[in-house]
Amino acid sequence: MTLDPVHVDGIADLAGYLATRVDDTDHDDLAQVAFEEWLDPLRVDGRPVVEPLGDRRLRSVPVDDVALVDDPYPTVHGLDSGTINPTTFKNGLVLDVAHAAMAADPSDLDLHRARSLVTTVHANDPTLALDSEWVKRDEGYLRRKVLHAPRVNRYAEGVVHALALYLAESSHALEHAHAVDDCLVLDGPLYPKELLNWQDRDAELGALTTEAKPRAIVENYVRLVERLLDRDVALAGFVKNPSPKLITRTLRQKGVDAPWVDDTAFFTRLLEPTDGDDHRLTFTNWFYSRGGSDRTLAADGDALGVDRERDPADYEVTFFVVYDPREDLCYRVEAPAGLTRDEASRDRLTRQILRDVAVSRGPPPVVERADALARIGVDEKTALRRKFEERLDSDFVRTYDDVRWEGEF
């Protein structure tokens with residue numbers, strides 16, 4: 001133990017000091033006022049960036065009751081992608097490996113066996129040509145590809161990570177979209193938010209979004225939306241750790257003293273029960289989201305130059321937020337407006353998500369199953385890095401933390 005009792009007491013005294021100076025008792029009222037007065041719609045320069053879809057209201061449902069409802073969809077599929085994390089080698093290469101899998105409920109063992117594997121590589125040597133086409137192995141169940149990342153002076157690790165993750169996920173989804181009959185839930189947002197956020201982070205990253213490879217990944221997600229909507233199949237993204245700041249940032253710009261660190265903190269304050277009742281899930285209505293990274297796929301967005309074959313309004317991000325008091329967690333669920341504009345369709349999807357959260361005390365079981373299939377474990381990451389070291393004849397660049405935390409993840 002690094003802290004003696006006197007140190008613990010000292011920290012507790014600091015907490016007491018802060019408690020006498022921070023009073024958040026009025027935050028509940030402020031959250032309610034913000035919800036009722038600012039979100040119908042919330043505008044930036046006259047443009048609605050958050051707008052209710054249907055009636056604006058807060059709702060709740062008993063956990064036990066919703067856990068027992070009949071399955072809204074006969075079958076549900078989940079999709080996830082895991083990576084080894086960006087790795088830099090002494091020969092100058094930076095790479096990441098992503099591994100995507102789809103799960104089904106009821107189970108489909110052939111589908112579970114199918115995987116897409118993407119290795120994205122960044123190299124400072126402009127003479128290298130590292131791209132490969134898709135190659136199949138394992139009797140056709142495994143697809144693998146090497147993607148040569150566009151050159152950047154900075155952010156190479158973030159670039160290879162995002163490109164590997166989103167290419168593996170989106171291409172695997174398209175490859176197996178025909179197997180989805182009723183509902184597909186992505187583990188994460190509806191569109192590749194990290195990639196879309198490059199537009200606002202840095203000029204170099206913003207320029208990267210105009211290049212062919214990032215744009216092709218966005219196109220995969222656009223085609224996935226089209227393919228499933230054309231077949232009347234539901235598509236949603238379940239965001240476990242949402243961190244958007246669109247609402248709170250816009251409120252501050254309008255002079256509202258919003259005390260929440262992000263939108264999730266705002267919705268948590270809004271949805272958490274004041275009486276301590278942990279037997280009901282609370283949730284919002286659905287909203288359009290047209291700001292932040294979501295503006296790119298808004299009806300008036302440019303979709304990074306990708307052609308949209310349906311009405312551009314069909315691709316807009318819509319979302320609702322559900323709060324589980326048993327774990328004190330908020331989740332954000334996203335879906336294309338082409339699905340959720342229909343009241344019966346969005347109610348059906350809402351029931352599915354609420355049922356799954358009630359049963360699992362967390363993300364939908366099929367998403368957790370996809371996560372388990374796609375996850376690359378610590379031992380596997382170590383083994384893969386060693387394989388790369390051997391084949392590349394170059395060690396990866398270790399940091400102190402690699403030594404300090406080795407074997408503890």
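No value in this document is a laboratory result; all are computed from the given coordinates. All of these numbers come straight from a predicted model, not from anything done at the bench. Note: ideal-geometry Cβ built from the backbone for every residue, glycine included; neighbour counts use all protein chains shown.
Brief remarks follow.
- Extended-chain gain in nm, criterion 0.36 nm per residue less alpha-carbon gap, Ser132 and Leu58: 21.6 nm
- Electrostatic tally near Gly188: other residues with Cβ closer than 12 Å to its Cβ, Lys and Arg +1, Asp and Glu -1, net -3.
- Put simply, the convex hull of the Cα atoms in the chain casts, on average, a shadow of 23.2 nm².
- Helix-only mean residue ellipticity at 222 nm for the chain, each DSSP H run of n ≥ 4 adding -39500 (n - 2.57), per residue, nearest 500: -11500 deg cm²/dmol
- Per residue, the convex hull spanned by the alpha carbons of the range 40-179 comes to 209 Å³.
- When each of the peptides 369-377, 80-88, 41-49 is scored by the mean number of other C-beta atoms lying within 10 Å of its residues, the order from highest to lowest reads 80-88, 369-377, 41-49.
- The range 164-178-the range 127-158 distance, computed between alpha-carbon centres (Å): 14 Å
- Alpha-carbon centroid distance for the pair the range 81-118 / the range 304-355, whole angstrom: 26 Å
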